[in-house]
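A short write-up of the structure that comes next.
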Amino acid sequence: MKKIFFKTFGCRTNLYDTQLMKQSLKDYKICESEEEADIIVINSCTVTNSADSTVRGYINSIRKKNAYAKVILGGCGAFSKGEELYKQKKVDGVFGHSEKEKLNTLLKKESFYELGDLNSIDRSIVEKFDDKTKAFIKIQEGCDFRCSYCIIPFVRGNARSIPEDKILKEIERLALNGFGEFVLTGTNIGSYGKDIGSNIASLLKKIGSIRGVRRIRLGSLEPIQIDEEFKEILDEPWLEKHLHIALQHTDEEMLRIMHRRNNFKRDLELFEFLADKGFALGTDFIVGHPGESEERWKRGLENFKLFPLTHLHAFTYSKRDGTKSAFMKDEVRGDIAKERLKILTKIVKEKNLKFRQKQKEPLIVLIEEYKNGLFTGYDQFFNKVAVKSDQNIEKEWLKIENYEVKEDFNYARFQ
């Protein structure tokens, strides 16, 4: 049997897709290093120009480590850079999202270029995740939003939902295999169901009723996707007390420039409502997007300070070829963008510490790994907890009532 090594870049959706690919293989053996592999399959990311550069750099490094291995490119980068890399003979094969479940057959070809289409949805069911304590569940594919900076709808397609019965069956099997925490992922998960007469709240209720499901964590939602029906499930015990809601900016003019659908005042009201319900709240934020003048930045910063945030995924704007933002004038210098990023990061770090200091209820922690003498995992608020124990508590669920709050994360002792 030929040996295959998988290299995954990017988001949780790619993690799921890689697992699906691994499961589809019948005639190959999966190995753990590039050096021993006969074939290297890259599940790529193309969200920024730098993501493309990272993948290209990895391909070049492979050729030095293992000159005889076939290199196969999949993922979002197959659409943006696949043709170029294939023509340059940097890779031996290229395949699109719709073709990943056919990988076992494709790999038997000497070379191939099979992008497929952007209309497909996954049919196979994932039954396990390698070395994971939680399971990633892809519930939809694609996005109907057209934010000015984002290439993803053009490499993932329009929003389309995976049938409920397939999702529920997958979770049932994974729960039987010992998984208790499920992370719902996709390109734009809040759009789930719009094409099949359902919605994400309805899906969550059905998942929550499956035996063995202890906690459901959601990927990123848009503010406008948290409707009244979604608010009805906020008190359910299986819903993680942490929501990640993408803002991207907090200045009205910048939101219009970025072609966003959210609104500062409505967003703030939503975040305050959720904070009152006890939720930890995270968001995405782009600094240095073209048009972010000093005036717009300062206005956005003052608005940003009002949000009850505990987590932040912020990054400096990176030009993405093929997007509307790439053609916009009024670019922001890189050093200025980095300083703005530091300010936002510091604000949320301080807010997270205050949130943890005020917390009174016990922490429910799923231990994920052991490293440097400490077991670590995440609580129901998606805050990291480090636990000292003489027992092997990896993959265990702990209820922690006594712990020390430190600046980096919480520390506890388990007897």
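Here, each number is a calculation from the coordinates, and none is a lab measurement. Given the structure is predicted, the values throughout are model-derived calculations rather than measurements. Quick reminder, even Gly has a Cβ in these numbers, built from the backbone with ideal geometry, and neighbours come from all protein chains shown.
Here are a few things to note about the model shown:
- Cross-link pairs exceeding 26 Å in C-alpha to C-alpha distance, out of K90/K128; K81/K138; K108/K395, comprise K90/K128; K108/K395.
- Between amide H atoms placed 1.01 Å from N, distances below 5 Å from G212 occur with no residue 5 or more places distant or on a separate chain.
- Cα-centre dipole for segment 54-191 with unit charges at Cβ (Lys and Arg positive, Asp and Glu negative), debye to 20: 720
- Remark: segment 401-415, residue by residue, has Karplus-estimated 3J(HN,Hα) of 9, 10, 7, 10, 8, 10, 4, 6, 6, 8, 10, 9, 10, 10, 8 Hz, where x stands for each Gly or Pro and the curve is 6.51 cos²θ - 1.76 cosθ + 1.60 at θ = phi - 60°.
- Scanning residues 5 or more positions from Q140 or on other chains, those with amide H under 5 Å from its amide H are I162, T187, with H placed 1.01 Å from N in the peptide plane.
- Selection from G93, S202, F129 lying farthest towards where the dipole of segment 70-211 points positive, charges on Cβ: F129
- Alpha-carbon centroids, segment 50-98 and segment 299-348: separation in whole Å: 30
- Taking amide hydrogens as placed 1.01 Å from N in the peptide plane, the amide H of Y192 sits under 5 Å from those of I200, each at least 5 positions away in sequence or on another chain.
- Placing +1 on the Cβ of every Lys and Arg and -1 on the Cβ of every Asp and Glu, with nothing else charged, gives segment 363-414 a dipole about its Cα centre of roughly 40 debye.
- Remark: I40, I121 ranked as I121, I40, counting other beta-carbon atoms within 10 Å and listing the fewest first.
- Taking label points 7 Å from Cα along the Cα-to-Cβ direction, E34 and E236 give a separation of 4.2 nm.
- Helix-derived mean residue ellipticity, 222 nm - over the chain, DSSP H n ≥ 4, -39500 (n - 2.57), to 500: -9000 deg cm²/dmol
- Cα-based shape type of segment 363-414, given that a ≥ b ≥ c are square roots of the gyration tensor eigenvalues and the cut on a/c is 1.5: rounded
- Reference-scaled alpha-carbon Rg (2.2 N^0.38 Å with N residues) for segment 118-240: 1.04
- Each Cα pair under 8 Å and six or more residues apart adds its sequence gap; the mean of these over the residue count of segment 193-287 is a relative contact order of 28 percent.
- Alpha-carbon centroids, segment 169-197 and segment 114-152: separation in whole Å: 11
- Euclidean distance between Cα centres, segment 153-168 to segment 363-415, Å: 35
- Calculated FRET efficiency for the pair Q415/A326, C-beta based, R₀ 51 Å, to 0.05: 0.35
- Taking only the C-alpha atoms of the chain, Rg followed by Dmax gives 22.0, 62 Å.
- Residues T8, T250, arranged from fewest to most other Cβ atoms within 10 angstrom of their Cβ, appear as T8, T250.
- Contact order normalised by residue count of segment 297-415, Cα under 8 Å, 6+ apart, percent: 20
- Under the convention that each Lys and Arg Cβ holds +1 and each Asp and Glu Cβ holds -1, the size of the dipole of the chain around its Cα centre is about 700 debye.
- Considering only alpha-carbon pairs that sit under 8 angstrom and 6 or more positions apart, the relative contact order computed for the chain is 10 percent.
- Derived scalar couplings between HN and Hα for segment 28-40 equal 9, 10, 7, 10, 10, 8, 5, 4, 8, 7, 8, 9, 10 Hz in order, rounded to whole Hz, by the Karplus curve 6.51 cos²θ - 1.76 cosθ + 1.60 (θ = phi - 60°), x for Gly and Pro.
- Sorting S389, S24 by the number of Cβ atoms found within 10 Å of their own Cβ, with the fewest placed first, yields S24, S389.
- Per-residue HN-Hα couplings for segment 257-265 [Karplus 6.51, -1.76, 1.60; θ = phi - 60°; Hz; x = Gly/Pro]: 4, 7, 6, 8, 9, 8, 9, 3, 5
- Along the axis of the charge dipole computed for segment 219-297 (Cβ charges of +1 for Lys and Arg, -1 for Asp and Glu, origin at the Cα centre), the listed residues L270, L234, P290 are led at the positive end by P290.
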